[in-house]
Structures are given as C-alpha cells and as structure tokens.
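Colleague: Okay, handing you the structure first.
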Amino acid sequence: SKKPIRVAVTGAAGQIGYSLLFRIASGSMFGPDQPVALNLIEIEPAMGALEGVMMELDDCAFPLLADVRGSCDLNEGFKDVNWALLVGSVPRKAGMERGDLLNINGKIFTGQGQAIEKNAASDVRTVVVGNPCNTNCLIAMNNAKSIPQDRWFAMTRLDENRAITQLASKAGVHSTEVTNMTIWGNHSATQYPDFYNAKIGGKPAAEVINDEGWLKDTFIPVVQQRGAAIIKARGSSSAASAANAVVDTVRSLTTPTAPGNWNSVAVCSKGEYDTKPGLITSLPIVSDGTNWSVAENVPVNEFSRAKIDASVDELATEHDLVKGLL
Ligand code: NAI
C-alpha cells in the first residue's frame, strides 16, 4: 500500500479548517488512491475545539485517512510533513493598521518558517492562505532559507475561481468553458484579474463578452471586492470556497495542467513579466505534475501593465514594512 502524504494544517479549528480537513481526508486533494495523514496545528486556547474537530474526523471513518495528530507545538506539528498549509492567522480588527496586522502575523510566520525548515520532510511544499498571504509567505520563506524558493506558494486561486464564474455567467456559459484566468499580483483589492488573456470556449474572453466597459468597470471590482461581499451577506468571511481553492491549488500543482491552460498561484518571482524578483507574486502557472513553471509569452498590454505594476508596488510596500523579519 502507498505511503501516506502527511499534511500540516494550521488554524485547523477555524472556519476554513472545518471545511478543508474533510476535503483532504476524503481524497479530493491527492486523489482517490492516495492515503493521507493530518498534522493539525492550533494555538493553545483552540485546542478544545480542535479536539472536537478530530472527533468528527474519527466519525467519518475515512478510508484514506491514515492518522491524525493535533498539536499546539510547532516542532511536533510540522514533523515529517510533505505539505504545510498555513491557514491560521490573526484577523484584522477595527482600528488596526495594515502595518500592525503585518507585524502581528509576521511574528507567527517567522516561527512557522523556522519550524518547517527544522522538522518537515525534505520535499516539503508550503501554501500560505492566512492573510496577508503573499507577505506572510515571504516571511516564512525567508525564515527557512535551506528550502528551495520554488516550494513556497500563497493562495490566489479563490480569486481565480471567482473571476472564472463572473466571466462564465456574463457569457451565459458553464464555468468549465473559461480558461487561462490569471490573477496578477497581491491577494488584496489591488489584484488584477486579467480578462484580456482569459478565454471562453477557446476564444478571447474580451471578444466573446464584447463589452470592455463591463470588463473594466464591473468585472474587475466585483472580483476584487468579492470577499467583502461574502462577509456582508454571510456575516463571516469565505470559508468553504476558500477551502475548495486550497484543494484546487494543491491539485493543480500535483497534476499536469491541461495543454495551453494555466492557473493562478502566488510564487517567488524571478522577475517574470517585469515583476519584482523575490516578492511572492501571483502569476500564471503551469505544472507537469511534479514541477511548475511560469507560463510564457502571455501578452501584457498597457492597461494590464499598469494594473500589474500597482499590485506589485503594494507587495513592495508590504515587504518594506516587514523587512526586519526577513
Ligand atoms: P478563523 O478565524 O475561523 O480561523 C483561524 C484559526 O487560526 C483559529 O482557529 C485560530 O485559533 C487559528 N490560529 C491563529 N493563530 C494561529 C497560529 N499562530 N498557529 C496556529 N493556528 C492559529 O479564520 P478562517 O476563516 O479559517 O480564515 C483563516 C485565514 O485565511 C484568515 O487570515 C483569512 O483572512 C484567510 N483567508 C484567505 C483567503 C485567500 O484567498 N488567500 C480566503 C479566505 C480567507
């Protein structure tokens, strides 16, 4: 029988965790033939709630779930993990400046980066979900310098999925018709969902939709502000859809991308598309199932250039606010 893939999830007793753990354990992330083991990491005050979540995992009797460990100790939590999914973070509270949030979370991600480097399996790959996810990922990566930079990711897949559905619904087609949807830059309100390169039924989305005003003035802000719209409607932030996007992110990195298509993941830039090297920037990514690369020759017009630059500038500002932690 196959060796289980060991997955750490931080913030495991939180909202996203409550959806994500069950998707991983049921086989959605690594497929129906691959056993998984879970290392669930929480802070001390949430260990009681985590115990309850672990009882529910037991009560599913998942055929693929090899074992589950819960811990609030980072060394124990990241021991031997092949994937580290960093979901837990401290949410922004009223009156908190962006810089305060970056620093509070920054301290979490220095410790987690160090513990991953010290304890994880030699093939460990890390996906940061907890916000501000790009910069949290930058901090963790820079505190684990022996782990290659191409093993660090921050999640912009929820933004990609949101953008796909907006385009599909405008065009009156199913979401599976929409491909090549890039989110460029930061997972924040400056992100740029690139409708110029997206395709609908294999044709340029802008041609199919034929309404540049809608694409620029409605589509972009709807995608950028979708998180806030969910909070307004639901009373809490996106959780099941965020967990689904984590599953999609890992799945897309571990299975071959359909020829000609790509997906959005924030990775450590090497300067592709004139983004700033060393920042964790969302780019169009293709995978062969084992290794990933940045999709090549994606045209960037003047409109796109300005949007990408604005989002990357924001990442550079975040970098400057946390540079003492790198
Ligand atoms: P939540 O507040 O329900 O759960 C967070 C959990 O993390 C809590 O159980 C808390 O105890 C735990 N936690 C806090 N600090 C921790 C630490 N140092 N180590 C381990 N666990 C810790 O939040 P939710 O809804 O699950 O969201 C989690 C994060 O994901 C938030 O930062 C949110 O902004 C972010 N998010 C990111 C998205 C993306 O697209 N990248 C989409 C949706 C949410």
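Quick note: the coordinates plus some simple rules give every number you see, no bench work behind them. Computed from a predicted model, the values in this text were never measured in an experiment. No Cβ is skipped: glycine too gets one built from the backbone with ideal geometry, and neighbour counts run over all protein chains shown.
Colleague: Identify which of Lys216, Lys118, Lys276 has the largest mean-square fluctuation in a Gaussian network model of the chain, with springs joining Cα atoms closer than 10 Å.
Modeller: Most flexible of the set in this elastic network: Lys216.
Colleague: Once you compute Rg and the Kirkwood Rh from C-alpha atoms, what is the Rg to Rh ratio for segment 1-151?
Modeller: We get a ratio of 0.97 for segment 1-151.
Colleague: May I ask which of Lys216/Lys307; Lys145/Lys323; Lys118/Lys145; Lys79/Lys276; Lys79/Lys107 have a Cα-Cα span longer than 22 Å here?
Modeller: Check vs 22 Å cut-off fails for Lys79/Lys276.
Colleague: Let me ask another. Let me know the whole percent of all Cα-Cα pairs from segment 143-202 that are separated by more than 12 Å.
Modeller: When every Cα pair of segment 143-202 is considered, 69 percent fall beyond 12 Å.
Colleague: If each Cα of segment 84-232 is one equal point scatterer, what is log10 of I(q)/I(0) from the Debye formula at q = 0.12, 0.14, 0.17, 0.21 Å⁻¹?
Modeller: So the normalised log intensities work out to -0.60, -0.76, -0.94, -1.15.
Colleague: Using Cα pairs closer than 8 Å and at least 6 residues apart in sequence, work out the relative contact order for segment 87-238, in percent.
Modeller: 15 percent
Colleague: Of all the C-alpha pairs in segment 88-165, what % are more than 20 Å from each other?
Modeller: 36 percent
Colleague: At a temperature of 4 °C and a viscosity of 1.567 mPa s, determine how fast the chain diffuses translationally according to Stokes-Einstein, using the Kirkwood radius over alpha-carbon pairs as Rh; express D in µm²/s, rounded to the nearest whole number.
Modeller: 65 µm²/s
Colleague: Can you compute the charge dipole magnitude of the chain about its Cα centre, using +1 on each Lys and Arg Cβ and -1 on each Asp and Glu Cβ, nothing else charged? Give it in debye, rounded to the nearest 20.
Modeller: In total the dipole reaches around 60 debye.
Colleague: May I ask you to list the aspartates and glutamates whose Cα is less than 15 Å away from that of Lys2, ignoring any residue fewer than eight positions away on the same chain?
Modeller: Partners found: Asp33, Asp67.
Colleague: Residues with amide H under 5 Å of Ala295's amide H, sequence separation 5 or more or different chain, H placed in the peptide plane at 1.01 Å from N; which?
Modeller: Amide H neighbours of Ala295: Ile285, Val286.
Colleague: What relative contact order, as a whole-number percentage, does the chain give when Cα pairs under 8 Å and 6 or more residues apart are counted?
Modeller: Across the chain, relative contact order equals 17 percent.
Colleague: Regarding segment 18-106, what is the average projected area of its C-alpha convex hull, in nm²?
Modeller: The orientation-averaged projected area of the Cα hull of segment 18-106 comes to 6.9 nm².
Colleague: So if I average 1/r over every pair of distinct C-alpha atoms in segment 178-292 and take the inverse, what Kirkwood radius in Å does that give?
Modeller: Averaging 1/r across every pair of different Cα atoms and inverting gives 15.5 Å.
Colleague: Then there is this: Which of the helices in the chain, when you take each full DSSP H run, stretch at least 24 Å along the axis at their Cα atoms and have an average Kyte-Doolittle score of -1.0 or higher?
Modeller: Long hydrophobic helices here: 98-119, 302-322.
Colleague: Stokes-Einstein at 4 °C, 1.567 mPa s, Kirkwood radius from Cα pairs: D for segment 248-326 in µm² s⁻¹?
Modeller: 95 µm²/s
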